[in-house]
Amino acid sequence: MFRGSSFHTIDAKGRIIIPARWREIITAGESDGLIVSRMDHCLVAYTYDQWSRIENRILSLAKKSESMRRFRRLFIGGAFECVIDKQDRILIPPTLREYAKLDKEIVLVGVLDHFEIWSRECWDQENDFMEEDLKDEEVRNEIAELGL
């Protein structure tokens with residue numbers, strides 16, 4: 001499982017280093033890379049095994065609404081295979097870097113079955129949004145149901 005967060009930089013060619021604690025999770029599935037796509041103004045990175053499960057769930061959806069077709073087109077169509085190189089980096093394609101506004105400072109955030117790649121600026125904004133959400137009693141109650 002991907003947990004925690006770490007602050008990094010993305011180099012001029014679009015390469016980011018994968019933290020050692022996460023490389024073990026990735027290579028446990030006998031793969032040497034990730035599938036990276038876009039969502040919520042950040043990038044989402046999945047192991048090949050997890051990505052396969054997502055594709056199967058999407059294919060099995062009974063509801064084929066216009067919204068789901070659009071989502072599938074953007075999420076699956078916008079996904080890239082990113083192989084880990086010998087320096088434990090992945091290359092983020094330009095279209096994904098542009099979508100997530102990845103420039104220099106980035107944040108990698110573990111979200112259990114995947115991790116997210118945020119620009120530092122967008123990550124700070126996301127934290128501000130969460131702080132505002134925590135003022136909402138309904139949100140606090142949802143979190144309390146987790147036993148936290």
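Since every read-out is calculated from the coordinates, none of them should be taken as a lab result. Small disclaimer: the values here were computed from a predicted structure and weren't measured. Ideal geometry is used to build each Cβ from the backbone, glycine not excepted, and the neighbour counts take in all protein chains shown.
Of the numbered conditions (1) of a type in the set (Val, Ile, Thr); (2) closer than 21 Å to Arg53 by Cα; (3) more than 14 Å from the chain's Cα centre (by Cα), Thr95 fails exactly one; give the number of that condition.
Going through the list (1) of a type in the set (Val, Ile, Thr); (2) closer than 21 Å to Arg53 by Cα; (3) more than 14 Å from the chain's Cα centre (by Cα), Thr95 breaks only (2).
List every residue pair whose Cβ atoms sit under 6 Å apart, with the two residues 6 or more apart in sequence or on different chains, where the first one lies in region 30-58 and is among the hydroxyl-bearing types (Ser, Thr, Tyr) and the second, anywhere, is surrounded by 17 or more Cβ atoms within 10 Å (Cβ to Cβ) and not in a helix (DSSP H, G or I).
Qualifying pairs under 6 Å: Ser37/Val44; Ser37/Ala79; Tyr46/Ile35; Tyr46/His114.
Would you please list the contacts, defined by Cβ atoms under 8 Å and residues six or more apart or on different chains, that run from a residue in region 6-23 that is touching a residue at least 40 places away in the same chain (Cβ under 8 Å) to a residue that is in a loop (DSSP other than H, G, I, E, B) and among the charged types (D, E, K, R)?
Taking only residues 6 or more apart or on different chains, the pairs are Thr9/Lys104; Ile10/Asp103; Ile10/Lys104; Arg15/Asp85; Ile17/Asp88; Ile18/Asp88; Ala20/Asp88; Arg23/Asp88.
Can you tell me how many residues within region 102-148 are touching a strand residue (DSSP E or B) at 6+ places or on another chain (Cβ under 8 Å) and under 23 Å from Met1 (Cα atoms)?
Looking only at that region, the number is 17.
Find the residue count for region 94-144, including only residues that are of a type in the set (Ser, Thr, Tyr) and in a helix (DSSP H, G or I).
Result for region 94-144: 2.
Only one of (1) more than 16 Å from the chain's Cα centre (by Cα); (2) closer than 26 Å to Ile54 by Cα fails for Ala79. Which number is that?
With respect to (1) more than 16 Å from the chain's Cα centre (by Cα); (2) closer than 26 Å to Ile54 by Cα, Ala79 is out only on (1).
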